[in-house]
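> Shown below is the structure under consideration.
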């Protein structure tokens, strides 16, 4: 949480909206709710954001910035990392997902409604899939994973990325919620997947 | 498509709503849109359904009925089926998902909004996860999959179910849409997963 005085109104709107979206879903939250929650007038909110869609885009920009910061070191080390890098990547993304819970929860609908957001997310998608593919290629080259057939390294990357992307949604619809136990179960799942393709079995 | 004269108004409302929900998402479709799309009065629609939520529940009941019909033979054969049963189950669920596209797309939000729907889905979740677990236990017992450690058969079942559940969402957010190529890529993914745990590697 960021103290009121230290931050600009724009940031307070984004954080207030994020908390409400996470709790209730974007469909149940109006710009008036957001303004009331952080104690500003609707007019002041409209000075910063045209509408709710605009606020969602603002949160996405925040996600991109925070993700770049956290992912930088992982991406830089990818080619030479071992199997534990998969678990670390998964853990990092799940903690990130927890902060921006509504985004993955509503992802297909959000992208369907907003072409600009869709293009922005798909750039992130390609970048993250590329990073996971680099982790896999590095693990095969280093002998930690066994060699796979043509196309299978890409499929394994997609499978890992998809599990990472939708794990919080799976926990939610299964009724297990967003708990530390759920996070650890997801990590055990990724570990099992990686072990299935580990060399020397 | 069902011809107009052959079916009851209630069924026409459900099929009309399903088409609109799939195309636009539930948030962008009102009961008035649905009534207009099938050429009945709003009053006639309200005679059958109280509101949009009630229509979503009606579609879910339809899903349950169609799923039971399609899944019956798979469930009955589960204990003795080979590895190709995983691909068949995946294929069946993806074709089912295509017909009821909006439901998986909006799943976490739909369940968050409606406790009755949540309980209904979670019963389906437990049942399907149990079926996939039975497929895996059968494949291990029959020697097609190698024995796994304590808890890993359940994790593998969850991983398979999660991939099956969210594959159409993954294709959609990746920008690949709901195509036959996407379906085949999903089947290749499940095949790769199963091969990772096949006996004799």
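> For the Cα atoms of chain A, what angle does the longest principal axis make with the long axis of helix A:9-24, in degrees from 0 to 90, nearest 10?
Result, in degrees: 70.
> Next up: Please give the Cα centre distance for segment A:159-185 versus segment B:17-86, rounded to the nearest Å.
Cα centroid to Cα centroid, the span is 25 Å.
> For every helix of n ≥ 4 consecutive DSSP H residues, a contribution of -39,500 (n - 2.57) applies; sum these over the protein assembly as shown, divide by its total residues, and give [θ] at 222 nm rounded to the nearest 500 deg cm²/dmol. Walk me through the intermediate numbers first.
On the way: 20 runs with 303 residues, N = 402.
Helix-only estimate at 222 nm: -24500 deg cm²/dmol.
> Which value, in Å to one decimal place, does the Kirkwood hydrodynamic radius take for the protein assembly as shown when every pair of different Cα atoms is included? Walk me through the numbers before you get to the answer.
Values: mean 1/r = 0.0439 Å⁻¹.
Result for the protein assembly as shown, one decimal place: 22.8 Å.
> What gaps in nm, shortest first, separate residue A:47 from its twins in the other copies when you place the label 7 Å past Cα toward the beta carbon?
Counterpart label points of residue A:47 in the remaining copies fall at 5.5 nm.
> Still on this structure: What is the spread of the Cα atoms of chain A along each of their three principal axes, largest first, in whole Å?
Its Cα atoms span 63, 33, 32 Å along the three principal axes.
> So what is the relative contact order of segment A:1-49, in percent, for Cα pairs below 8 Å that sit 6 or more residues apart?
Working: 22 pairs, mean separation 16.0, N = 49.
Relative contact order here is 33 percent.
> Right, another one. Find the Cα radius of gyration of segment A:1-49, compare it with 2.2 N^0.38 Å by division, and give the number to two decimals. Mind showing how you got there, number by number?
Working: Rg = 10.2 Å, N = 49, 2.2 N^0.38 = 9.7 Å.
Rounded to two decimals, the normalised Rg is 1.06.
> What whole-number distance in Å separates the alpha-carbon centres of segment B:102-136 and segment A:103-141?
25 Å
> Same structure, new question: Grab the alpha carbons of segment A:125-195, take their convex hull, and tell me the volume per residue in Å³. Working shown, then result.
Working: hull volume 6.6 nm³, N = 71.
In segment A:125-195, the Cα hull volume divided by residue count equals 94 Å³.
> Shifting gears a bit: For segment B:83-194, what is the relative contact order in percent, using Cα pairs closer than 8 Å and at least 6 residues apart in sequence? Write out the running numbers ahead of the final one.
Values: 68 pairs, mean separation 45.2, N = 112.
Taking the mean separation of contacting Cα pairs over the length of segment B:83-194, I get 40 percent.
> While we're here: On a 0 to 90° scale, report how tilted helix A:180-196 is relative to the longest principal axis of chain A, with both axes built from alpha carbons and the result rounded to the nearest 10.
30 degrees
> Just want to confirm a number: the relative contact order over chain A, from Cα pairs under 8 angstrom separated by 6+ residues, in percent. Please list the in-between numbers first.
Numbers: 148 pairs, mean separation 43.8, N = 201.
Once normalised by length, the contact order is 22 percent.
> Calculate the all-directions average of the projected area of segment B:11-99's alpha-carbon convex hull, and give it in nm². Working shown, then result.
Working: hull surface 25.6 nm².
The Cα convex hull of segment B:11-99, projected and averaged over all directions, gives 6.4 nm².
> Still on this structure: As I understand it, the value is the acute angle between the Cα axis of helix B:52-77 and the longest principal axis of the Cα atoms of chain B; what does it come to in degrees, rounded to 10?
Approximately 30 degrees, to the nearest 10.
Computed from the coordinates by the stated procedures, all read-outs in this text should not be read as laboratory data. All values reported here derive from a predicted model rather than from experimental measurement. So basically every Cβ, Gly included, is an ideal-geometry build from the backbone, and we count neighbours across all protein chains shown.
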